[in-house]
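Down below is the structure, laid out as structure tokens.
The values are calculated or read from the model by the stated rules, or taken from the named source; none is laboratory data. Since the model is a prediction, treat every value here as computed from it, not as a measurement. Reconstructed Cβ throughout: ideal geometry from the backbone, glycine too, with neighbour counts over all protein chains shown. Accessible surface areas use protein heavy atoms only, side chains included; no ligands, DNA or RNA. Shrake-Rupley method; radii C 1.70, N 1.55, O 1.52, S 1.80 Å.
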Amino acid sequence: MKLKKNIATSGEGFIFNPGTGDSFSTNEIGAEIITLLKEEKSVAEITQLISGKYDVDASQFENDLDDFAAQLKDYSILE
Amino acid sequence: MEKLRYERPIIKKMNTGLMNKFGTRTEYEPVTHIESVPVKSLIKEYGSPLFVLSEKQIRRNYQNATRIFKTRYPKVQFAWSYKTNYMNAVCQVFHQEGSWAEVVSGFEYEKALGNGVPGNKIIFNGPDKTDEQLVAAARNNSLIHIDHYDELYSLIKLSEEHNLRPRVAIRINMDTGIYPKWDRFGFNFENGQAWNAITRIINSTNLDLVGLHCHIGTFMLAPSAYGIAAKNLCELTWSIKEKYNKVLEYIDLGGGFPSENTLKGAYLPGSDTVPSIDQFADAITDVILGYGFKQEDLPLLILETGRALIDDAGFLLGSVLATKRLSDGRRATVLDFGVNSLFTAFWYDHKVSPAQAFGNHTEEMVLYGPLCMNIDIVRESITMPLLEKGNHLVVHKVGAYNMTQWMQFITLRPNIVMIDTDNKTHVIRKAETLEYLELNEQVPEHLKQNPLK
Ligand SMILES: Cc1ncc(COP(=O)(O)O)c(C=O)c1O
């Protein structure tokens, strides 16, 4: 899972895609995932970090992450 | 270290320049209690889904409506429209408040008798009354509202045969300027049919014409339509006095006042657009009082108000079974109740609230029921907080026409609980069981086995 190079993020959940001119907002966990993606963390690492910090089990989170990634792809934010 | 509260990650595209012109809707503010009983404990004790009725709210609605009419007109009587919600506990709340009963079938009629309503306080409406039911209603001195000529002639014949003198009214349909016209019930005003029926009754020795009835539609948004209906009934009442020197006891304007629900396709929520009962009361009583009746000839005004008296006293609690994304990217939430329990989802965009606190992110979604059918949609589009499996929801204003029109389809019908005026809860109809469902089934002997074992 790789963020497109030119995507601008604020760390607070604001995302801008200069390629399309679209801007987006995410919730807190969404912003954290974007930051981790920027740091080129793997799905396994992201899952471990988030499920360690938040009250969610790893399989539930993986499910949600898949869904989130699909949306990022739809919005042309992921490679 | 304690873990932080989790929320599913979401991303939303920002619609620059396309702000919602009505501002932020408060639809998704959590509703954690019904009266002062926690939703959580209701579901824990009685299961999900669950219908909940507030006795306090029913009484408040009834007292409010009677006050509105009685401060404008001296003789007013409400008759509870059984079909709107005929749970006996609900009917009894209305009867305790002084309401008569309005029924449209033989079984509803028996229910009213079973609830201890005296025969002369039961109004028997509708096109479907058997000979036996007509005779029984006549013997009980009930108010029989005749719907068509076939019924009129049957009743004349039955009264002669059984030596009865039933108290009757006729139902009248008319053009009140609303569309579609409800002209399939009763006798038409404009073409003289109503007057012919009146003449026929007055000329019969056995029928006692005591009133006139109309029910011009349901969820009516125009108080002026009631003004027209009241004027037409007054005109007939006046002519009957002039021509036959007979003073009618009552005029019955039926039901039809809207509740604060939002009709499907409406641009604004019902709470912003629906006229108040005061406006309907003004339209009706101004006409009757202004018509010129002598004080002692003023007819009793009967109202068969249904949904406006109970919709907002009913709630449907339910749970999220699953969330998914549709192929077009929209969020879909699957609930444990569908249009089988919430029949009025076909008419209304019901207000739905989450039953627990949430973060401040929201998303647009479709709310689906659990039925294996495409039409099972609770809301086509609603903005809600991020829901997940196991979350609870509260559907508002479901007191009318659900607990009577619900379907036993695919799932069993759930418990109905009433919260009394001391906030104590009572099951007023138990959840259905397979045993209950199969009670009336019979399997022929040759179909009792199969070879699949
Ligand atoms: C004859 C009659 N009276 C009263 C009612 C109650 O109507 P509402 O719930 O619209 O007040 C109905 C409903 O259809 C009806 O048919």
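When you scan the range B:265-283, do you find a residue that is out of contact with any Cys (no Cβ under 6 Å at 6 or more places or on another chain), within 13 Å of the ligand (Cβ to nearest atom) and closer than 26 Å to B:Ala355 by Cβ, even just one? Checking the range B:265-283: at least one residue is out of contact with any Cys (no Cβ under 6 Å at 6 or more places or on another chain), within 13 Å of the ligand (Cβ to nearest atom) and closer than 26 Å to B:Ala355 by Cβ.
One line per residue, one yes/no per condition, for (1) free of Cβ contacts under 8 Å to residues at least 60 places away in the same chain; (2) open to solvent by 10 Å² or more (accessible area, probe 1.4 Å); (3) closer than 25 Å to B:Asp183 by Cα; (4) touching a Gly at 6+ places or on another chain (Cβ under 9 Å):
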{"position": "B:Lys70", "(1), (2), (3), (4)": "yes, yes, no, no"}
{"position": "B:Val76", "(1), (2), (3), (4)": "no, yes, no, no"}
{"position": "B:Glu97", "(1), (2), (3), (4)": "yes, yes, no, no"}
{"position": "B:Val103", "(1), (2), (3), (4)": "yes, no, yes, yes"}
{"position": "B:Leu113", "(1), (2), (3), (4)": "yes, yes, no, yes"}
{"position": "B:Val117", "(1), (2), (3), (4)": "yes, yes, no, no"}
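Checking each residue in the range B:78-95 for being open to solvent by 10 Å² or more (accessible area, probe 1.4 Å), more than 11 Å from the ligand (Cβ to nearest atom) and not aliphatic (A, V, I, L, M) picks out B:Tyr86, B:Asn88, B:Gln92, B:His95.
Do we have any residue at all in the range B:208-229 that's at negative phi, touching an Asp or Glu at 6+ places or on another chain (Cβ under 6 Å) and away from the ligand (no atom under 16 Å from the Cβ)?
Looking for residues that are at negative phi, touching an Asp or Glu at 6+ places or on another chain (Cβ under 6 Å) and away from the ligand (no atom under 16 Å from the Cβ), one finds at least one in the range B:208-229, hence yes.
Of the strands (runs of 3 or more DSSP E) lying entirely inside the range B:1-97, the ones with 3 or more residues being at pLDDT below 95 and not assigned by TED's automatic domain parsing to the domain that holds B:Leu298 are found at B:11-13.
Here is a yes/no grid of residues against (1) outside the structural domain of B:Thr362 (by TED's automatic domain parsing); (2) within 16 Å of the ligand (Cβ to nearest atom); (3) surrounded by 10 or more Cβ atoms within 10 Å (Cβ to Cβ):
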position	(1), (2), (3)
B:Val378	no, no, yes
B:Leu387	no, no, yes
B:Tyr401	no, yes, yes
B:Leu412	no, no, yes
B:Ile419	no, no, yes
B:Leu437	yes, no, yes
B:Val443	yes, no, no
B:Lys448	yes, no, no
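Is one or more of the residues making up the range B:291-300 assigned by TED's automatic domain parsing to the domain that holds B:Lys231, touching a Cys at 6+ places or on another chain (Cβ under 7 Å), open to solvent by less than 10 Å² (accessible area, probe 1.4 Å) and more than 16 Å from the ligand (Cβ to nearest atom)? No: the range B:291-300 contains no residue that is assigned by TED's automatic domain parsing to the domain that holds B:Lys231, touching a Cys at 6+ places or on another chain (Cβ under 7 Å), open to solvent by less than 10 Å² (accessible area, probe 1.4 Å) and more than 16 Å from the ligand (Cβ to nearest atom). How many residues does the range B:144-202 hold that are exposed (fewer than 14 other Cβ atoms within 10 Å of the Cβ) and among the acidic types (Asp, Glu)? Qualifying residue count, the range B:144-202: 4. Quick check on B:Asn173: is it away from the ligand (no atom under 16 Å from the Cβ) and away from chain A (no Cβ under 14 Å)? Considered against the rule, which asks whether it is away from the ligand (no atom under 16 Å from the Cβ) and away from chain A (no Cβ under 14 Å), B:Asn173 comes out as no. Every condition in (1) at pLDDT 90 or above; (2) part of a loop (DSSP other than H, G, I, E, B); (3) among the hydrophobic types (A, V, I, L, M, F, W, C) is met by A:Met1 except one, and the failing one is (1). Counting the residues of the range B:307-327 that are closer than 13 Å to B:Lys397 by Cα and either within 14 Å of the chain's Cα centre (by Cα) or open to solvent by 10 Å² or more (accessible area, probe 1.4 Å) (or both) gives 9.
The residue of the range B:363-376 that is modelled with the highest pLDDT, among those that are part of a strand (DSSP E or B) and either within 14 Å of chain A (Cβ to nearest Cβ) or open to solvent by 10 Å² or more (accessible area, probe 1.4 Å) (or both), is B:Tyr368.
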